[in-house]
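Everything on this sheet refers to the single structure shown next.
The values are calculated or read from the model by the stated rules, or taken from the named source; none is laboratory data. The structure presented is a predicted model; accordingly, all values stated were derived computationally and were not measured. Positions of Cβ are backbone-derived with ideal geometry, glycine not excepted, and every protein chain shown enters the neighbour counts.
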Amino acid sequence: MDYSEKDFKTLPLSYFSHLIGHEGENSLMSYLKKDGYVTSVSCGGSSSLESASYVSLSIVLTKKGLANYEKVIEAVF
């Protein structure tokens, strides 16, 4: 059984993508948008290799967000 078959039912990449990319109440997006730091947040993943996967996070910053990029990074982690 390879990596992707083992995790097929739990779909960890979908879970993280949805959790991080969610735009509703109490989400990363709502938190950063409230302070005027971002215009969008999106997240996705892929498991194209047998034993490795990746999650990609894209955040579009406003000018205020760029000036406060360290706070944005802190919020993500």
- Item | Tally, over region 52-65, of residues that are touching a residue at least 40 places away in the same chain (Cβ under 8 Å) and under 16 Å from the mean Cα position of the chain (by Cα) | 2
- Could you tell me whether LYS34 is among the charged types (D, E, K, R) and free of Cβ contacts under 8 Å to residues at least 12 places away in the same chain? yes
- Item | region 51-74, residues that are touching a helix residue (DSSP H, G or I) at 6+ places or on another chain (Cβ under 7 Å) and modelled with pLDDT of 95 or more | LEU61, GLY65, VAL72
- Task: Among residues belonging to region 38-50 that are in a loop (DSSP other than H, G, I, E, B) and in contact with a strand residue (DSSP E or B) (Cβ under 9 Å, 6 or more places away or on another chain), point out the one that is modelled with the highest pLDDT.
- Result: SER47
- Message: Taking the conditions exactly as written (out of contact with any strand residue (DSSP E or B) (no Cβ under 9 Å at 6 or more places or on another chain) and modelled with pLDDT of 85 or more), does ASP35 satisfy them or not?
- Response: yes
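Just a yes or no: is a residue in region 42-59 hydroxyl-bearing (Ser, Thr, Tyr) and over 26 Å from THR10 (Cα atoms)?
No.
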- Message: For region 30-65, which positions are among the aromatic types (Phe, Trp, Tyr) and within 19 Å of SER17 (Cβ to Cβ)?
- Response: TYR31, TYR54
- Task: Could you please tell me which pairs satisfy a Cβ distance under 7 Å, a separation of 6+ or placement on different chains, a first residue in region 66-77 that is under 17 Å from ILE20 (Cα atoms), and a second residue that is small (Gly, Ala, Ser)?
- Result: VAL72/GLY65
